[in-house]
1. When you look at residue A:212, is it surrounded by 14 or more Cβ atoms within 10 Å (Cβ to Cβ) and at pLDDT below 75, yes or no?
2. Which members of segment B:225-246 meet the condition of being touching a residue at least 24 places away in the same chain (Cβ under 8 Å) and outside any loop (DSSP other than H, G, I, E, B)?
3. Can you tell me which residues in segment A:218-264 are outside any strand (DSSP E or B) and in contact with a strand residue (DSSP E or B) (Cβ under 6 Å, 6 or more places away or on another chain)?
4. What's the number of the condition residue A:21 fails, among (1) surrounded by fewer than 21 Cβ atoms within 10 Å (Cβ to Cβ); (2) touching a residue at least 12 places away in the same chain (Cβ under 8 Å)?
5. What is the number of the single condition among (1) at pLDDT below 95; (2) crowded, with 21+ Cβ neighbours inside 10 Å; (3) within 14 Å of chain B (Cβ to nearest Cβ) that residue A:85 does not meet?
6. Within segment A:64-82, which residues are more than 7 Å from chain B (Cβ to nearest Cβ), under 26 Å from residue A:116 (Cα atoms) and over 20 Å from the mean Cα position of the chain (by Cα)?
7. Just give me the residues in segment B:122-136 being without any contact (Cβ under 8 Å) to a residue 40 or more places away in the chain and over 8 Å from residue B:159 (Cβ atoms), in sequence order.
8. Looking at (1) more than 25 Å from residue A:12 (Cα to Cα); (2) over 16 Å from the mean Cα position of the chain (by Cα); (3) more than 9 Å from every other protein chain (Cβ to nearest Cβ), can you tell me which one residue A:49 breaks?
């Protein structure tokens, strides 16, 4: 049977549907700059979710653990080969995501005879100042996007939009210079709030159009206090919060510091 | 997705990228100056390990540079002190740093001390062909805080990569040969180094370095640029403060 361009398009659509269906169940990931570093936060069952890629780079994401692992390995391999051949300063998030990973994802997605990778990734590079921090979100089809100050990855566009809204609306409209010089505690609290809203928005996915309508008309689409608490108690029953700070002024070579449960406990509702 | 897995092996990753650690260029022994002399010392003390090195880099009979760093950090708990040809040694240290980091990050667990020591051996044995070409080998002393045993350990190597663990001290370089006996003398007359406080051990180390300098032209003494001194304890690696070194330098110089 002949394989026509129409089939190809159809395949891509089916693949996208397949991936997006699976991503909807994933735990959202929040990335946020603060004074002392760049924070990544998500929740997990047993498997770790936040990883060090290189001296100033970290990665987290949602999706199939094996696919996340593939992307993580690609990033670590590329970063270390580059860091040794040139210098650690030449390993940038932009090169890792744009050169090493995105083309691979795109190829795999566009090849009709291969299973697509099921993941959404969030990469972060910590800079010397909060405004130098860079976030890259990476989609399963290889598409990537640069963000400053904060970034999110979640299973639906609606959830991402709600989370971004939460992260940015609470930043008072100041000059961009101090917009992200948030103390760690405040950043943690904000990231935890954003995660809950993302999780809620994923569950409220069926209401998507009407909620979006409300959001656009200026009415806040936010979970109630009780809903937030329910989301957390349900999540913490089976899993745990995972948060890591990629430290800005680390004397240690390893900048990525996983936060302990005690450190996180007081921020949870 | 089909891709090669390296199991955290950094040299295999580099191989695939077409990079090799030691390219052996064709050439004869006469065209390049031989191994560089130096003195590097690693001593145990009651809290950990002290590494001391002079900072002179020589080429043939001339002094090339008087601020060379011969004690290099491999990771948070491991130091390498190098004697011999600087270029391959520095390159090996850079390789090892990346190799340990690569293993830890890709495998999500730290490389064991044994694994790290074997990696140093492997690097040394890879450099053998270039040693035979006359490019010059290097002799490393690896000092590490063994977190499993919670103690400091010193290892030295021969040029082919054989590894030996040392109980009290390790020394390498042209100057070290001349003072090795003095370490034995200290251990036998004053007791094991690993029971002495840092201040005593540092004093002995600097004095011996100065003596080595007086016997070996390739070693810088306490007269000029301060030597480099680093410690490893359960807290990690730290520099011995410059004031401490300067104070000892003054004392020792006035005594001699």
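The values are calculated or read from the model by the stated rules, or taken from the named source; none is laboratory data. Since the model is a prediction, treat every value here as computed from it, not as a measurement. Cβ atoms come from the backbone with ideal geometry, glycine included; neighbour counts cover every protein chain shown.
1. yes
2. Residues satisfying the conditions are B:228, B:229, B:230, B:231, B:232, B:233, B:236, B:237, B:244, B:245.
3. Once the filter is applied, which keeps residues that are outside any strand (DSSP E or B) and in contact with a strand residue (DSSP E or B) (Cβ under 6 Å, 6 or more places away or on another chain), segment A:218-264 yields A:235, A:239, A:248, A:255, A:259, A:264.
4. Condition (2) is where residue A:21 drops out.
5. (2)
6. A:78
7. Within segment B:122-136, B:125, B:132 qualify.
8. Unmet for residue A:49, out of (1) more than 25 Å from residue A:12 (Cα to Cα); (2) over 16 Å from the mean Cα position of the chain (by Cα); (3) more than 9 Å from every other protein chain (Cβ to nearest Cβ): (2).
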